[in-house]
Amino acid sequence: MLQHEEQTRSTLTNPLRFAIQIGFFAGLIWGGIRWVFYIFQFTTITPGYLAEPFYKHSYLMTMRGQMVGWVYFILLSILATMIYTFCLRKLKGPWPGIGYGIVWWVILYGFIGPMMHMMPMLTKLSRTTILTEFCLFLIWGLFIGYTVAVEYTDERGREPGHAKKGQDHQNVGHNPQPEGATNS
């Protein structure tokens, strides 16, 4: 019994470390994709928009300023992942993450962004910009939410007798005995 408790404790994920790691990669990946969208003019909102209250707009239009914006997006992603991990980690499936991304989009693009002069009001943005940003945040939220959900609601890998994660399904469909052989 004591050995089982020690084994369970050693397989539990540290929520803070996990949130920081997933948030970092969410920001790195989706911030990078957002930057590509800006380069190809799918969006007119500069990659440095989150840093707008702290830096001059002219600086954020430079390559260095856009890199600063990417760092700010990574920090936003870490914060968002920490909130999701500590408050919503027991929700299952992709839909909570999708909703979470939409909520962040509404907060940033509907309220905080225009109020802090990070971007124009939604009514002044092109349809392409709105759809691009909306879809990006939807997928960003899905990435965060579903990754957290899989980590905290998939209990098969934590049960005694199961292999470590990633090894659960390696031998599925593998028949170690030749055809026609029987157990004696």
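Among the candidates His162, His117, which residue alone is out of contact with any helix residue (DSSP H, G or I) (no Cβ under 7 Å at 6 or more places or on another chain), modelled with pLDDT under 95 and farther than 21 Å from Trp30 by Cα? Testing whether each residue is out of contact with any helix residue (DSSP H, G or I) (no Cβ under 7 Å at 6 or more places or on another chain), modelled with pLDDT under 95 and farther than 21 Å from Trp30 by Cα leaves just His117.
Residues of segment 114-130 that are in contact with a Pro (Cβ under 8 Å, 6 or more places away or on another chain) and free of Cβ contacts under 8 Å to residues at least 60 places away in the same chain: Pro114, Pro120, Met121, Leu122. If you go through segment 102-133 and keep only what is among the charged types (D, E, K, R) and under 26 Å from Ile144 (Cα atoms), you end up with Arg127, Glu133. Can Val172 be described as part of a loop (DSSP other than H, G, I, E, B) and either on the phi < 0 side of the Ramachandran plot or modelled with pLDDT of 95 or more (or both)? So Val172 passes the test.
The values are calculated or read from the model by the stated rules, or taken from the named source; none is laboratory data. Predicted, not measured: the structure shown is a model, and the values here were computed from it. Virtual Cβ from ideal backbone geometry, glycine too; neighbours counted across all protein chains shown.
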